[in-house]
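Nothing in this text is a laboratory measurement; each read-out follows from the coordinates by a stated rule. Fair warning: this is a prediction, and the values are worked out from it, not measured in the lab. In this analysis, Cβ positions are derived from the backbone assuming ideal geometry, glycine residues included, and neighbour counts consider all displayed protein chains.
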């Protein structure tokens, strides 16, 4: 899981770097057009044209690439892709997420499939509710969404397992 996350977020980081290179070259070749582009962005956000022009000029003089990264293409330091961090969090989450079903299978070896499914779905619903609560969204909607998609994923995985099973 961590390796997949690392590859995925690394691709995102590559795209961000490529976008920044494009902006850097555009600023070098036509700073006036890039300043006008910023001005238009600020006008679109509600500034009057005179103030938008002044803000664009000052930001271009201070940190043109940073202004374009943030306001033109949406790249900020806080939201930039961090592949290693994403890989670590994904790996830890995956390991922690597997502990409850593992413990359930040890405690209830005879009903392992049913117990693992029930425990996993209960945890998914709880995590969906927690995420919704922390995000200020409706708790039941968050719980239901994660529960439904989790159950669907389990069902499809089970069906594929049965379909390709080599057991008699």
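At-a-glance table
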item: Subset of region 149-164 that is surrounded by fewer than 15 Cβ atoms within 10 Å (Cβ to Cβ) and closer than 21 Å to residue 96 by Cα - its residue that is nearest to the chain's Cα centre (by Cα); result: 149
item: Search result, residues across region 59-78 that are surrounded by 13 or more Cβ atoms within 10 Å (Cβ to Cβ) and farther than 17 Å from residue 28 by Cβ; result: 70, 71, 75
item: Of all residues making up region 3-24, the number that are touching a helix residue (DSSP H, G or I) at 6+ places or on another chain (Cβ under 7 Å), surrounded by 16 or more Cβ atoms within 10 Å (Cβ to Cβ) and free of Cβ contacts under 8 Å to residues at least 60 places away in the same chain; result: 2
item: Hits in region 44-55 - residues which are in a helix (DSSP H, G or I) and surrounded by fewer than 17 Cβ atoms within 10 Å (Cβ to Cβ); result: 44, 49, 50, 51, 54
item: Residue selected from region 27-44 under the condition touching a residue at least 12 places away in the same chain (Cβ under 8 Å) and in contact with a helix residue (DSSP H, G or I) (Cβ under 6 Å, 6 or more places away or on another chain), by the criterion nearest to residue 57 (Cα to Cα); result: 35
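Residues checked against (1) exposed (fewer than 14 other Cβ atoms within 10 Å of the Cβ); (2) within 30 Å of residue 14 (Cβ to Cβ):
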| site | (1), (2) |
| --- | --- |
| 80 | yes, yes |
| 94 | yes, yes |
| 107 | yes, no |
| 125 | no, no |
| 131 | no, yes |
| 136 | yes, no |
